[in-house]
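Structure first, then comments.
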Amino acid sequence: MNAPRRVLLVGVAVLIAVVLVTAAGFLAVLGSDGDHVRAVCFAAAVTGGGAVTGWIVARQGRGGPAAIAVAGGLAATLVRMLPLLVALAWLVGRDQSSWAGAAGGLLVAFHVVLLVADMMLNSLADRWMGVGSRDPENRPSAGADVVN
């Protein structure tokens with residue numbers, strides 16, 4: 001298996017693990033009554049699906065021209081944010097005394113946790129694949145044989 005495919009699969013596995021650990025943590029704190037379980041599952045599904053799909057979209061644009069990488073990053077941001085915004089808009093019209101009252105805050109909390117995990121994964125993935133500012137070819141003076 002080549003390095004980009006391995007990084008892609010490791011990222012997906014890490015994001016899924018982060019969703020599961022975060023959901024378990026929220027259930028431990030909030031309790032396991034029906035409304036809290038429903039709210040945590042809803043938030044985990046919406047934000048987890050967006051984060052994993054966004055990671056896959058972002059990794060597809062890597063290694064090519066800069067314009068493709070930028071377009072991939074923007075598309076990944078859209079894929080991460082659109083389900084979250086649609087879910088928040090849908091929750092606004094619901095009765096806030098039910099599980100939907102807790103789901104809005106959980107959506108934001110899950111999104112922040114997954115965003116931090118995604119940023120760390122992107123930083124580590126570039127290092128795993130040998131792309132980044134530490135490589136000599138990516139420095140401003142790359143290849144310069146000038147002696148003062």
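The values are calculated or read from the model by the stated rules, or taken from the named source; none is laboratory data. Model, not experiment: these values are computed from the prediction. Here Cβ is always computed from backbone atoms with ideal geometry, including for glycine, and neighbour counts include all displayed protein chains.
If you check every pair at least six apart or on different chains, which have Cβ atoms under 9 Å apart with a residue in the range 1-12 that is within 15 Å of residue 58 (Cα to Cα) and modelled with pLDDT under 85 first and a residue that is outside any helix (DSSP H, G or I) and not hydroxyl-bearing (Ser, Thr, Tyr) second? So the pair list comes out as 4/62; 4/63; 4/129.
Search the range 94-148 for residues being among the hydroxyl-bearing types (Ser, Thr, Tyr) and assigned to a loop (DSSP other than H, G, I, E, B), and hand back the single one that is modelled with the highest pLDDT. Steps first, answer last, please.
Step one: list which residues in the range 94-148 are among the hydroxyl-bearing types (Ser, Thr, Tyr), which gives 97-98, 123, 133, 141.
When the remaining residues are screened for being assigned to a loop (DSSP other than H, G, I, E, B), the result is 97-98, 133, 141.
Working: 97: 67, 98: 74, 133: 49, 141: 54.
Ranking the qualifying residues of the range 94-148, first place goes to 98.
Under the condition of being assigned to a helix (DSSP H, G or I) and over 12 Å from the mean Cα position of the chain (by Cα), the residues counted in the range 48-64 number 1.
Only a single item in (1) farther than 18 Å from residue 120 by Cα; (2) surrounded by fewer than 16 Cβ atoms within 10 Å (Cβ to Cβ); (3) of a type outside the set (Val, Ile, Thr); (4) within 21 Å of the chain's Cα centre (by Cα) is not met by residue 23, and it is number (2). Just one of the listed residues (86, 57, 46) is under 21 Å from residue 127 (Cα atoms) and of a type in the set (A, V, I, L, M), namely 57.
Between 76, 45, 17, the distinction of being without any contact (Cβ under 8 Å) to a residue 24 or more places away in the chain, surrounded by fewer than 15 Cβ atoms within 10 Å (Cβ to Cβ), closer than 14 Å to residue 114 by Cβ and under 21 Å from the mean Cα position of the chain (by Cα) belongs to 17 only.
Scanning the range 7-35 for residues that are of a type in the set (Ser, Thr, Tyr) and outside any helix (DSSP H, G or I) yields a count of 1. Looking only at residues in the range 1-14 that are surrounded by fewer than 17 Cβ atoms within 10 Å (Cβ to Cβ) and not aliphatic (A, V, I, L, M), which one is farthest from residue 51 (Cα to Cα)? The selected residue is 2. The one condition from (1) surrounded by 12 or more Cβ atoms within 10 Å (Cβ to Cβ); (2) at pLDDT 90 or above that residue 58 does not meet is (2).
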